[in-house]
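Reviewing the structure listed below.
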Amino acid sequence: MKDGYLFIILSIIVLFFFACTRRKNDDMTHLVKEWEKKEIIFPNNLYFTLYGKDTVQYPAHLQYTILSYVDSAGCFSCKLQLPMWREFIHRLDSTYPGKVSVLLFLHSKSEIELLYALKKNGFDYPVCIDENDKLNRLNHFPSDMAFQTFLLDKDNKVLAMGNPILNPKIKELYLKIIRGNDIVSTAGKGITQTKVHIDVSFLRLGNFDWQEEQKATFILKNIGDNPLVIQDVATSCGCTTVAYSKEPALPG
């Protein structure tokens, strides 16, 4: 009888899990449809700055705009991911010169913390410090940070949404639209696959002062038949950086 009760409980848990997952996917689909083609309204008298000192001209109105809004809720530096934004912006500027502008609107309760993060990461790209949260008040962005970044057309209408820094699939989608490709996922198509073995999947660093640097090494071994190339790495926190070889790793 106990086994029967256990089976019923496990069945309920499984059904509840799948119901929650389906509901979450439905909510995401509804959210994306709600924002599709929606026009983003920008405040008047915008100014962009470098390190909070030099005011620079508003970025040129180009064919595409990537708009990212970051607020101070939670870990601000984790949300910023400035090194990855810098790398992505450099890639856009070099690959699609004069075609894409990137607007970062940063709303922080502590301007000191914000400026420290910009200087620490050497982020020499103009940002808008939105002290009064004007952009969010005008547009009422979703509360989920994963949906506070948008790809806009020349009329400031939403073509796609999602954070290309946190999600490689979103980055792929944005680049497809910018290139003018049909928006059809190519995951697994035309890409040579291989197999990888990793010695450890996680490391415990324990407790340490936030100013004390910690390093960890993860070794990936190519045990497949084709070269291994790492295309992208996403970290969960802006205080974490990753270094890896861009060269293909041969089998063995």
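The values are calculated or read from the model by the stated rules, or taken from the named source; none is laboratory data. The model shown is predicted, which means the values in this text are computed figures rather than measured ones. We place every Cβ from the backbone using ideal geometry, glycine too, and count neighbours over all the protein chains shown.
Residue by residue through segment 161-216, note down the ones that are surrounded by 15 or more Cβ atoms within 10 Å (Cβ to Cβ), in a loop (DSSP other than H, G, I, E, B) and modelled with pLDDT of 80 or more.
Gly162, Asn163, Pro164, Ile165, Leu166, Asn167, listed by residue number.
Give all pairs with beta carbons closer than 7 Å in which a residue from segment 115-137 that is more than 13 Å from Phe48 (Cα to Cα) and among the basic types (Lys, Arg) meets a residue that is surrounded by 12 or more Cβ atoms within 10 Å (Cβ to Cβ) and at pLDDT 85 or above; count only pairs at least 6 apart in sequence or on separate chains.
Matching pairs, first to second residue: Lys134/Pro43.
Given the condition in a loop (DSSP other than H, G, I, E, B) and closer than 15 Å to Ile66 by Cβ, answer yes or no: does some residue in segment 106-113 qualify?
The answer is no, given that none of the residues of segment 106-113 is in a loop (DSSP other than H, G, I, E, B) and closer than 15 Å to Ile66 by Cβ.
Given (1) more than 19 Å from the chain's Cα centre (by Cα); (2) at pLDDT 90 or above; (3) among the hydroxyl-bearing types (Ser, Thr, Tyr), where does Thr55 come up short, assuming only one miss?
(2)
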